[in-house]
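The values are calculated or read from the model by the stated rules, or taken from the named source; none is laboratory data. All of these numbers come straight from a predicted model, not from anything done at the bench. No Cβ is skipped: glycine too gets one built from the backbone with ideal geometry, and neighbour counts run over all protein chains shown. In case anyone asks, the SASA skips ligands and DNA or RNA and just uses the protein heavy atoms, side chains included. Shrake-Rupley method; radii C 1.70, N 1.55, O 1.52, S 1.80 Å.
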Amino acid sequence: MKVVVISGSPRKNANTEVMMNYVYEYTKTKNPDTKFINLSEGKIECYRGPTEEYNEETKNAAVDIMDADVWLIGSPIYNSFFSSALKNLFEYIDYKKTPGKVAGMAILAAGNIGFVDVQTLLTQLLSYFRVITNPKAVFLTIESVSSAGILEDAQNRLKEMVDETLGLSSKIQQN
């Protein structure tokens with residue numbers, strides 16, 4: 001099974017990056033064929049249309065996503081929406097190559113509002129790609145995640161999301 005972990009924050013050393021790096025390291029213990037796309041590295045170009053030429057990092061990220069069986073997506077909440085960097089990344093994805101994939105998500109916010117809104121928006125986007133979404137998203141606030149680490153309860157919730165999403169994908173692949 002191929003897995004891609006996506007950190008959807010464009011900010012360097014952001015809490016979303018810390019959270020998704022934890023998800024990546026944990027996922028690798030469960031599934032060695034796991035890749036990490038970190039949007040804070042700034043290597044994904046702004047989408048300009050399907051006929052334009054893009055750098056290798058951008059093309060590789062798109063291929064990694066389309067080849068993966070499982071997407072583990074982390075996004076901050078910016079103005080009641082997921083990050084525009086994350087939306088830009090999905091502009092490169094060919095919906096004809098994504099049906100039946102499985103996604104899990106972790107959403108990070110400064111406060112306790114907006115989680116369900118962003119989960120709904122991400123789920124709608126993934127629905128366009130015909131991706132099956134784990135209905136148990138992880139909602140965390142910045143009190144749970146910092147450059148110093150992730151609280152134990154948050155770690156357990158992230159691990160559970162990974163395990164359930166990988167399990168869902170395994171069940172689907174068996175059929």
Self-check item: Candidate set from segment 144-160 (those that are assigned to a helix (DSSP H, G or I) and under 26 Å from residue 69 (Cβ atoms)); member that is nearest to the chain's Cα centre (by Cα)
Solution: 158
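Going through 27, 16, 51, 58 one at a time, which residue ends up being out of contact with any strand residue (DSSP E or B) (no Cβ under 9 Å at 6 or more places or on another chain), crowded, with 16+ Cβ neighbours inside 10 Å and not aromatic (Phe, Trp, Tyr)? It would help to see each step written out before you state the result.
Working: 27 fails: out of contact with any strand residue (DSSP E or B) (no Cβ under 9 Å at 6 or more places or on another chain); 16 fails: out of contact with any strand residue (DSSP E or B) (no Cβ under 9 Å at 6 or more places or on another chain); 51 fails: crowded, with 16+ Cβ neighbours inside 10 Å.
That would be 58, the only listed residue that is out of contact with any strand residue (DSSP E or B) (no Cβ under 9 Å at 6 or more places or on another chain), crowded, with 16+ Cβ neighbours inside 10 Å and not aromatic (Phe, Trp, Tyr).
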Quiz item: In this structure, does residue 67 turn out to be out of contact with any Leu (no Cβ under 9 Å at 6 or more places or on another chain), exposed (fewer than 15 other Cβ atoms within 10 Å of the Cβ) and closer than 20 Å to residue 133 by Cβ?
Solution: yes
Quiz item: Quick one: what pairs do we get from segment 76-94, first residue farther than 19 Å from residue 19 by Cα, second open to solvent by less than 50 Å² (accessible area, probe 1.4 Å) and at pLDDT below 95, C-beta under 6 Å, 6+ apart or different chains?
Solution: 80/114
Quiz item: What single numbered condition from (1) within 14 Å of the chain's Cα centre (by Cα); (2) over 14 Å from residue 61 (Cβ atoms); (3) in a loop (DSSP other than H, G, I, E, B) fails to hold for residue 10?
Solution: (2)
Quiz item: Would you pick out the residues in segment 88-143 that are of a type outside the set (Ser, Thr, Tyr), within 15 Å of the chain's Cα centre (by Cα), surrounded by fewer than 12 Cβ atoms within 10 Å (Cβ to Cβ) and within 22 Å of residue 47 (Cβ to Cβ)?
Solution: 124
